[in-house]
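Q: Here's a structure for you.
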Amino acid sequence: MTGHSQLHEPLGPSARGARARKLLRRMAERRRGGATRRGAIERAPQRRQVRSRMRKRKAALAISAGMVGLSGAAYAAPALPTAAVGSVALTPPLLRIPASSLRASPSFKQALVEEEGVQDVVYRDIAGLSTVGVGHLVTPADGLRVGDRIGYDRVLSLLDGDLGEAERAVTRLVGDLPLYQHEFDALVDLVYNVGEGNLTPRKSPRLNRAILARDYEAIAGELEYRYAAGQLARGLAYRSERRTRMFTNASYGDVRTASAAAPQPTKA
């Protein structure tokens with residue numbers, strides 16, 4: 001893929017600053033303009049099915065509550081099962097659906113831009129590869145050389161292309177395993193960060209075994225890639241933690257910010 005095909009330390013805070021905010025504003029403008037409605041349109045059938053199921057569930061609960069009410073006020077209306085409450089809280093979607101029906105969410109795109117940073121001038125990364133935009137590895141088809149500057153519309157176009165490749169790679173990776181949106185986003189981040197080639201059964205056997213076993217907890221435990229060139233990279237460690245939280249808790253926030261805001265223990 002042409003996104004991140006190599007593990008390396010993400011760009012520093014300065015590269016994730018003003019340029020990232022400007023790109024995020026441009027992304028928001030595109031969403032408001034309807035340029036990113038494709039994913040919502042493709043998910044419409046699944047959402048209609050979910051809404052239909054929820055309406056039936058509510059109707060059944062209402063009937064049950066009415067019947068209980070007829071027998072006296074001492075009886076309480078039936079409570080929703082825990083699983084139903086949990087699934088309702090996870091929106092969208094309300095239930096796991098095939099990865100092929102999902103696309104990267106706006107929340108994930110924001111998290112990705114924050115992690116990768118934005119470079120509008122082509123540069124060489126630590127592996128010597130020409131890179132630009134949101135971690136896009138330049139290809140001959142891009143017609144770019146080191147030192148060339150691109151506009152934010154081109155950055156977004158390259159990002160869309162790279163995300164499309166990462167989304168398809170996740171579908172190849174998980175097969176028919178259904179996913180929540182936040183689980184899909186975390187796996188897209190994994191592919192984008194380490195490259196599909198590092199997620200093969202030979203290179204990531206435990207991840208692939210967890211997918212085959214449909215063991216979501218075990219999958220979450222295999223999302224951490226903390227080393228670059230054989231050395232622990234703090235940036236990768238932060239990103240791995242963020243990715244794991246995204247998969248397990250639908251939490252997209254920057255763990256660096258959360259760590260800085262956490263109260264520090266007082267000395268006795």
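Q: Name the single residue that is nearest to residue 26 (Cα to Cα) among those in the stretch 108-137 being surrounded by 21 or more Cβ atoms within 10 Å (Cβ to Cβ) and free of Cβ contacts under 8 Å to residues at least 60 places away in the same chain.
A: Checking each candidate, the answer is 133.
Q: If I go through the stretch 201-210 residue by residue, how many of them are surrounded by 18 or more Cβ atoms within 10 Å (Cβ to Cβ) and assigned to a helix (DSSP H, G or I)?
A: Within the stretch 201-210, the first condition is being surrounded by 18 or more Cβ atoms within 10 Å (Cβ to Cβ), and the residues that meet it are 204, 207-208, 210.
If we keep only those that are assigned to a helix (DSSP H, G or I) as well, we get 207-208, 210.
Residues flagged as surrounded by 18 or more Cβ atoms within 10 Å (Cβ to Cβ) and assigned to a helix (DSSP H, G or I) within the stretch 201-210 amount to 3.
Q: Let me ask something else. Mind checking whether some residue in the stretch 89-111 is at pLDDT 90 or above, among the β-branched types (Val, Ile, Thr) and not in a strand (DSSP E or B)?
A: No, there is no match, as no residue in the stretch 89-111 is at pLDDT 90 or above, among the β-branched types (Val, Ile, Thr) and not in a strand (DSSP E or B).
Q: Tell me, please, whether a residue that is among the polar types (S, T, N, Q), in a helix (DSSP H, G or I) and in contact with a Leu (Cβ under 9 Å, 6 or more places away or on another chain) can be found in the stretch 147-170. Don't jump to the end; show me each part of the working.
A: Filtering the stretch 147-170 down to residues among the polar types (S, T, N, Q) leaves 157.
Add one more test, that the residue is in a helix (DSSP H, G or I), and what stays is 157.
Retained after the next criterion (residues that are in contact with a Leu (Cβ under 9 Å, 6 or more places away or on another chain)): none.
No, that holds for no residue.
Q: Out of (1) surrounded by fewer than 21 Cβ atoms within 10 Å (Cβ to Cβ); (2) over 18 Å from residue 239 (Cβ atoms), what's the single condition that is false for residue 174?
A: (1)
Q: If residue 213 meets every condition in (1) more than 18 Å from the chain's Cα centre (by Cα); (2) among the hydrophobic types (A, V, I, L, M, F, W, C); (3) buried (at least 19 other Cβ atoms within 10 Å of the Cβ) apart from one, which number is that one?
A: (3)
The values are calculated or read from the model by the stated rules, or taken from the named source; none is laboratory data. Keep in mind that what you see is a predicted model, and the values were worked out from it rather than measured. No Cβ is skipped: glycine too gets one built from the backbone with ideal geometry, and neighbour counts run over all protein chains shown.
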